[in-house]
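Everything on this sheet refers to the single structure shown next.
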Amino acid sequence: MAEPNKIEAIKALKERTGAGMMDCKKALEENDYDIEKAIDVLRQKGIVKAAKRAGRTAAEGLALVKACNECGKAAIVEVNCETDFVSATDKFHAYGEGVLEYVLKNAPATLEEAQAGTKLLQDDTALATGEKTVFRRYAVIEKAAEQGFGSYIHMGGKIGVICVLAKEDAELGLQMAMHIAANAPVYTTLEDVPAAERERELKIAESEVANDPKLVSKPEQVKAGIVQRKVDKVLSASCLTYQKWLLDDSKTVAQVLQEKGNGIVKFVRFQVGDGVEAAA
């Protein structure tokens, strides 16, 4: 790797972990400058407990949602532009709404199909605003007759959420969508976490336990239980039902759903610019 790129990698690792520059440099050198592997090494050594997600960048635009209870479908889209100024204009909002309507009405099978169906609108918006305009992603979700939608737009379109409840409940649906917007869960329950992600956390937890002097004399069965609890604790932070309820942190989302006699079927959360790499 060229020297400037190595320096950028060290800076990126430091930004994501908060570890010292020399620790970051050593971890990267030991792992051929693979940032994800370097993060695991730092965590195993106890230098850092967790790392920020990559790709939280300054890409601008809107996340918009619309639910249609009559047709049993809801849509969410993200459209991007270059500046926050343009994203706030009526013209760009009209573009986003047009894309949203197209997606909800046509339920395109692929992003390419969706982009082709809205290309004229995109070109017109780019011409009018003088900025690059991108239809980045979308999702269409359906519900059964007894189920209910919840939707929420945060900060004028910086975050959009759609969720489906097992039973229709407009108030709970809005509250659940607000919670998802604020807490950014990735999965619904621990059972939804991919095996590869669980395996990664398992290796880190095993290393932490093996290197903890306070646990050296513990029986292997006890150590194994500690490892599993460590893994579940880390992963549960990304699981909706384990999170503290936004409106009452004395309860978890699972407890609130149980009290309401309801459940969460699925959810989609878009945050504008999430995962987009900023230009240098």
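The values are calculated or read from the model by the stated rules, or taken from the named source; none is laboratory data. Keep in mind it's a predicted model, so treat the numbers as computed, not measured. Every residue, glycine as well, gets a Cβ built from its backbone with ideal geometry; the counts of neighbours run over all protein chains shown. Side chains included, ligands, DNA and RNA excluded: accessible areas come from the protein's heavy atoms. Shrake-Rupley method; radii C 1.70, N 1.55, O 1.52, S 1.80 Å.
List of remarks:
- Orphan Cys of the chain, criterion: no other Cys C-beta under 4.7 Å: CYS24, CYS81, CYS163, CYS239
- A Cβ-based charge dipole, computed about the Cα centre of the stretch 140-230 with Lys and Arg at +1 and Asp and Glu at -1, lands at about 420 debye.
- Along the stretch 128-145 the Karplus relation, 6.51 cos²θ - 1.76 cosθ + 1.60 evaluated at θ = phi - 60°, assigns HN-Hα couplings of 6, 8, x, 10, 4, 10, 10, 8, 7, 6, 7, 8, 10, 10, 10, 10, 7, 4 Hz to successive residues, with x for each Gly and Pro.
- The accessible-area ordering, largest first, of the residues ILE180, ILE153 stands as ILE153, ILE180, per a 1.4 angstrom probe.
- GNM top mover of PRO219, PRO108, PRO185 - the chain, alpha-carbon springs below 10 Å: PRO219
- Of GLY225, GLY148, GLY156, the one that fluctuates the most in a GNM where the chain has Cα springs shorter than 10 Å: GLY225
- Nearby aspartates and glutamates by direct alpha-carbon distance to LYS14 (threshold 15 angstrom, same-chain neighbours under 8 apart not counted): ASP23, GLU29, ASP34, GLU36, ASP40
- Placing unit charges on the Cβ atoms only, positive for Lys and Arg and negative for Asp and Glu, gives the stretch 219-280 a dipole magnitude near 180 debye about its Cα centre.
- Residues of the stretch 171-214 with amide N under 15 Å of the 7 Å Cα→Cβ point at GLU97: none
- The residue among ALA126, ALA254, VAL48 whose Cα reaches farthest toward the positive pole of the charge dipole of the chain, with charges on the beta-carbon of Lys, Arg, Asp and Glu, is VAL48.
- Mean separation of Cα contacts under 8 Å (6+ apart) over length of the chain, as relative contact order %: 20 percent
- Helical content of the chain, expressed as a calculated mean residue ellipticity at 222 nm, amounts to -14000 deg cm²/dmol (DSSP H runs of 4 or more residues, -39,500 (n - 2.57) each, divided by residue number, nearest 500).
- Potential lengthening of the chain between LYS14 and THR189 amounts to 59.9 nm, from the contour at 0.36 nm per residue minus the alpha-carbon distance.
- LYS167-GLU36 pseudo-label distance in nm [points 7 Å out on the Cα-to-Cβ vector]: 4.1 nm
- Assuming charge only on the beta carbon of Lys and Arg (+1) and of Asp and Glu (-1), the dipole of the stretch 61-120 about its Cα centre is about 180 debye to the nearest 20.
- Computed on protein heavy atoms with a 1.4 Å probe, the accessible areas place LEU246, LEU202 in the order LEU246, LEU202, largest first.
- Residues within the reach of a label modelled at ILE226 (point 7 angstrom out along Cα to beta-carbon, backbone nitrogen below 17 Å), restricted to the stretch 32-50, are 44-47.
- Label sites at MET22 and LEU127, each approximated as a point 7 angstrom past Cα along Cα to Cβ, lie 6.1 nm apart.
- Using a Förster distance of 30 Å, the FRET efficiency for LYS218-SER250 (Cβ separation, nearest 0.05): 0.40
- Distance violations [Cα-Cα > 24 Å] among LYS73/LYS244; LYS11/LYS230; LYS6/LYS203; LYS25/LYS49; LYS26/LYS203; LYS91/LYS158: LYS73/LYS244; LYS11/LYS230; LYS6/LYS203
- Normalising by residue count, the chain has a Cα convex hull of 169 Å³ per residue.
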